[in-house]
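See below for the structure under consideration.
The values are calculated or read from the model by the stated rules, or taken from the named source; none is laboratory data. The structure presented is a predicted model; accordingly, all values stated were derived computationally and were not measured. Glycine also receives a Cβ, built like all others from the backbone with ideal geometry; neighbour counts cover every protein chain displayed.
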Amino acid sequence: MNPRSQSVLIFIIAFLLFIDSSYTAKDVNIVKRIIPQLLKVKKVGEHKMILEVEWDGTGIKNNEKVITKLHGCTPDGNLSFRRYKKKHKFSDRNTTYELAVHKKKVSVQCLLEFTGDLQTNVTFGFRT
């Protein structure tokens, strides 16, 4: 190996060591992402169902706000629900919605939204 090749090799190794040591964990931005889990719909009465919503995520602190908002379901007039918008901390990891069933044996499709910094939408369907 000639002296010029040795100099280039030493420069490359020194450069790589400098890059490796110049970045720390504080410099890396972790992406915050909420991940909705499988939604569960349980029948609890003749005209009542409970929607259970669970979530997980990455890069989110346990005390950060999670706001869930249940939008209307289609076709209209089959379901109604109270208090469509709920505020939680991420550490809660779940919430429930009480659904009143107006028509039975109808397929419906609903939209659940996680609002705020952790915005995500979930469309789900089930049969009343």
| said: I need the full set of residues from segment 107-128 which are surrounded by 14 or more Cβ atoms within 10 Å (Cβ to Cβ) and either at pLDDT 90 or above or part of a strand (DSSP E or B) (or both), in order please. | reply: Val108, Cys110, Leu111, Leu112, Glu113, Phe114, Thr115, Thr120, Val122, Phe124, Phe126
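Go over the candidates Gly72, Gly77 one by one and state the one that is in a strand (DSSP E or B), modelled with pLDDT under 90 and not β-branched (Val, Ile, Thr). Write out each step before concluding.
Numbers: Gly77 fails: in a strand (DSSP E or B).
Step by step, each of Gly72, Gly77 is checked, and only Gly72 is in a strand (DSSP E or B), modelled with pLDDT under 90 and not β-branched (Val, Ile, Thr).
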| When the residues of segment 1-55 are filtered to those that are among the basic types (Lys, Arg) and farther than 20 Å from Gln109 by Cβ, which remaining residue is modelled with the highest pLDDT? | Arg33
| remark: Taking first residues from segment 22-49 that are more than 19 Å from Val122 (Cα to Cα) and of a type in the set (Val, Ile, Thr) and second residues anywhere that are surrounded by 10 or more Cβ atoms within 10 Å (Cβ to Cβ) and modelled with pLDDT of 90 or more, the pairs with Cβ under 8 Å that are 6 or more apart or on different chains are Val44/Ile50
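Test of understanding: among Gly116, Gly72, Gly125, Gly57, which residue is touching a helix residue (DSSP H, G or I) at 6+ places or on another chain (Cβ under 8 Å) and under 19 Å from Pro36 (Cβ atoms)?
Details: Gly116 fails: touching a helix residue (DSSP H, G or I) at 6+ places or on another chain (Cβ under 8 Å); Gly72 fails: touching a helix residue (DSSP H, G or I) at 6+ places or on another chain (Cβ under 8 Å); Gly125 fails: touching a helix residue (DSSP H, G or I) at 6+ places or on another chain (Cβ under 8 Å).
Every option except Gly57 fails the conditions.
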